[in-house]
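Engineer: This is the structure I want to talk about, given as structure tokens.
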């Protein structure tokens, strides 16, 4: 018989070494996997922590900006020195018209106020395509909502062409809506932005 046909028995010591080598290999693999999982977990926690911090910082910045805007708007109302520059007008039926903000406005300057509507396409009674009412302010009232950072303003305007009541709602950032009503039926609402009088660029027509 060919001796090569007989299998050579493995030394028991070699078997132990083979098992030991494989065990060590498996342990190294599991150690590597565990390390990777742990590292990924830490990275995920760091990323989550960073997102939470960014979100918190944005919220603080928003709150700070809102408080600054609220303080600015509050100052305009306390000094009775502002202009509501309207970019839309709305009648009692809810019909909207896009308008020029430098011709359509409500101005308050201490005890004097001006309400004007105008157009770039006609002359009108005031020379700017509409009507300009100028007169004195009375029954001035401001209600501040500290929680919502908003304001409600009521006042009356006595002018040569009539007496008007103005009701305004103003948000902290100066976005404003003012509804104008008079002795005759109907009302007109000015929607726009509240601007300090010194920064306004409105054009006043002839008042009647």
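Engineer: On alpha carbon coordinates alone, what is the Rg over Rh value for region 78-199, Rh being the Kirkwood radius?
Structural biologist: Details: Rg = 13.8 Å, Rh = 14.6 Å.
So for region 78-199, dividing Rg by the Kirkwood Rh gives 0.95.
Engineer: Using a simple spin-label model with points 7 Å from Cα along the Cα→Cβ vector, what separation in nm is obtained for residue 39 and residue 181?
Structural biologist: 7.2 nm
Engineer: Can you give the three extents of the C-alpha atoms in region 59-148 along their principal axes, from longest to shortest, in whole Å?
Structural biologist: That works out to 48, 30, 24 Å along the principal axes.
Engineer: Any idea what log10 I(q)/I(0) is at q = 0.16, 0.18, 0.28 Å⁻¹ for region 138-208, Debye with uniform C-alpha scatterers and no solvent?
Structural biologist: -0.69, -0.85, -1.31
Engineer: Given a Förster distance of 25 angstrom, what is the FRET efficiency for residue 169 paired with residue 111, based on the Cβ-Cβ distance and rounded to 0.05? Walk me through the intermediate numbers first.
Structural biologist: Working: r = 22 Å, r/R0 = 0.90.
In this case the efficiency is close to 0.65.
Engineer: Note down the nm distance, to one decimal, between modelled labels 7 Å out along Cα→Cβ at residue 56 and at residue 142.
Structural biologist: 3.5 nm
Read the figures in this text as sums done on the coordinates, not as results from a lab. None of the values given here were measured: they were computed from a predicted structure. Don't worry about glycine lacking a Cβ; one is built from the backbone with ideal geometry, like all the others, and counts go over all protein chains shown.
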